[in-house]
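To start, the structure itself, in structure tokens.
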Amino acid sequence: MRTVRDVHARTVQAPADTVGALLDRLGGADDPLFPTPVWPPMRFDRPLGVGADGGHGFVRYRVAAYEPGRRVRFDFTGGEDGWHEITVRPLGPGSCRVEHVLQSRLPLGQRVMWTLAIRAAHGTVVEEIFDNIERAATGRASAPVRRSPRVRLLNRLLWDRPRAVELPAAARLAHRAFPRTDFQDAWQMDLLPGMPQEPEAWEGVLRGASFPVAGRADGEILLGKDARHLDFRASILVADGRVTLGTVVRLHRTAGRLYFAVVRHVHPFMARLMLRRIHRRLALAAPTAGERAVARV
């Protein structure tokens with residue numbers, strides 16, 4: 001195995017105490033630094049401190065050292081040998097230097113992955129953290145990082161996928177749509193910090209389908225139409241930190257059953273594709289963590 005080392009640093013025109021106070025909120029519910037919702041949020045099983053266990057996405061680590069307002073060090077877990085840390089060092093009364101260092105011993109296969117993809121994505125995430133530090137501490141990022149085509153591709157490939165669930169009880173409009181339902185399913189994704197909570201923002205799930213709105217109530221929008229062979233309703237529910245795309249169908253006569261016997265094999269793929277696509281689109285369009293922190297002040 002060989003050791004890889006990656007260092008990023010930036011001078012921030014703000015007092016070290018101001019930046020350090022932002023660092024102390026890393027991983028919390030109001031984290032102003034980690035670049036969500038474009039990337040999976042940093043989460044721990046307890047408040048930031050030595051022993052806190054968590055990570056972001058598939059990257060797992062534990063807090064190994066913590067100096068409030070100055071330094072946090074994370075040791076990788078899950079079999080990976082290494083660590084990464086972020087430090088804040090004062091340069092004067094009105095500026096400081098923020099540094100992020102990663103060091104890890106990787107076998108050949110993981111080194112190849114690091115070189116081809118992970119290093120670029122990691123570097124982008126770190127620079128976006130620095131951008132958010134500047135935004136939250138000074139009100140603006142001097143030179144925001146740009147995501148390269150390689151990083152955008154990796155972000156798309158790694159984006160979370162909808163999971164199959166029972167149609168939630170909170171989707172009352174969908175449950176009451178028909179006196180008899182011949183088919184129903186539901187696909188769900190978690191809302192990431194900063195993503196819109198209003199169901200109207202999620203109507204784009206069915207963009208281009210031209211389904212009229214059949215009802216709105218309690219965080220749910222119901223769309224759909226009736227036809228000779230079947231009646232169709234799509235429910236978009238935003239509740240409990242999740243967005244759910246549900247479908248209910250009522251079939252008419254033999255023609256409807258024959259038609260849906262084919263469509264039901266294509267429908268899950270299309271539902272997952274549409275929900276995942278709008279989920280990522282809204283995440284990319286959402287304000288950054290630093291912008292949200294400024295807006296809360």
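The values are calculated or read from the model by the stated rules, or taken from the named source; none is laboratory data. Everything numeric here is computed off the predicted structure, so don't read it as measured data. Using ideal geometry, Cβ is built from the backbone for each residue, glycine included, and neighbour counts are taken over all protein chains shown. Surface accessibility is based on the protein's heavy atoms, side chains included, excluding ligands, DNA and RNA. Shrake-Rupley method; radii C 1.70, N 1.55, O 1.52, S 1.80 Å.
Figures for the structure shown
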item: Residue in the range 282-289 that is part of a helix (DSSP H, G or I) and over 16 Å from the mean Cα position of the chain (by Cα) present; result: no
item: Single condition M113 does not satisfy, out of (1) within 30 Å of M270 (Cα to Cα); (2) free of Cβ contacts under 8 Å to residues at least 12 places away in the same chain; (3) of a type in the set (A, V, I, L, M, F, W, C); result: (1)
item: Tally, over the range 151-169, of residues that are open to solvent by less than 50 Å² (accessible area, probe 1.4 Å), closer than 29 Å to E80 by Cα and not in a helix (DSSP H, G or I); result: 2
item: Among the candidates A186, A239, residue that is surrounded by 13 or more Cβ atoms within 10 Å (Cβ to Cβ) and in contact with a Leu (Cβ under 9 Å, 6 or more places away or on another chain); result: A186
item: Qualifying residue in the range 70-78 (condition: open to solvent by 50 Å² or more (accessible area, probe 1.4 Å), small (G, A, S), in the same structural domain as V101 (by the TED database) and free of Cβ contacts under 8 Å to residues at least 12 places away in the same chain); result: no
item: Single match in V262, V248 (criterion: in contact with a strand residue (DSSP E or B) (Cβ under 8 Å, 6 or more places away or on another chain) and aliphatic (A, V, I, L, M)); result: V248
item: Tabulated pairs, the range 265-276, first assigned by the TED database to the domain that holds E203, second at pLDDT 95 or above and of a type in the set (A, V, I, L, M, F, W, C), C-beta under 6 angstrom, 6+ apart or interchain; result: A271/W187; A271/L245; R272/W187; L275/W187; L275/L245
item: From A171, A164, A143, A117, residue being closer than 23 Å to V4 by Cα and either at pLDDT 95 or above or out of contact with any Pro (no Cβ under 8 Å at 6 or more places or on another chain) (or both); result: A117
item: The listed residue being within 22 Å of W159 (Cβ to Cβ) and open to solvent by less than 60 Å² (accessible area, probe 1.4 Å), out of A271, A285; result: A271
item: Set V126, V165: member being β-branched (V, I, T) and under 19 Å from the mean Cα position of the chain (by Cα); result: V126
item: Only one of S142, S148 that is surrounded by fewer than 14 Cβ atoms within 10 Å (Cβ to Cβ), under 24 Å from the mean Cα position of the chain (by Cα) and outside the structural domain of F269 (by the TED database); result: S148
item: Residue that is acidic (D, E) and without any contact (Cβ under 8 Å) to a residue 12 or more places away in the chain, where the choices are E85, E67; result: E67
item: Residue ID - surrounded by the most Cβ atoms within 10 Å (Cβ to Cβ), chosen from residues in the range 99-139 that are among the charged types (D, E, K, R) and assigned to a strand (DSSP E or B); result: E99
item: Test: residue in the range 206-224 that is buried (at least 17 other Cβ atoms within 10 Å of the Cβ) and part of a helix (DSSP H, G or I); result: yes
item: Test set (1) over 13 Å from Q188 (Cβ atoms); (2) of a type in the set (D, E); (3) open to solvent by 50 Å² or more (accessible area, probe 1.4 Å) - D231 fails condition number; result: (3)
item: Failed condition for V266, given (1) touching a helix residue (DSSP H, G or I) at 6+ places or on another chain (Cβ under 8 Å); (2) over 12 Å from W202 (Cβ atoms); result: (1)
item: Test: residue in the range 184-200 that is touching a strand residue (DSSP E or B) at 6+ places or on another chain (Cβ under 8 Å) and assigned to a helix (DSSP H, G or I); result: yes
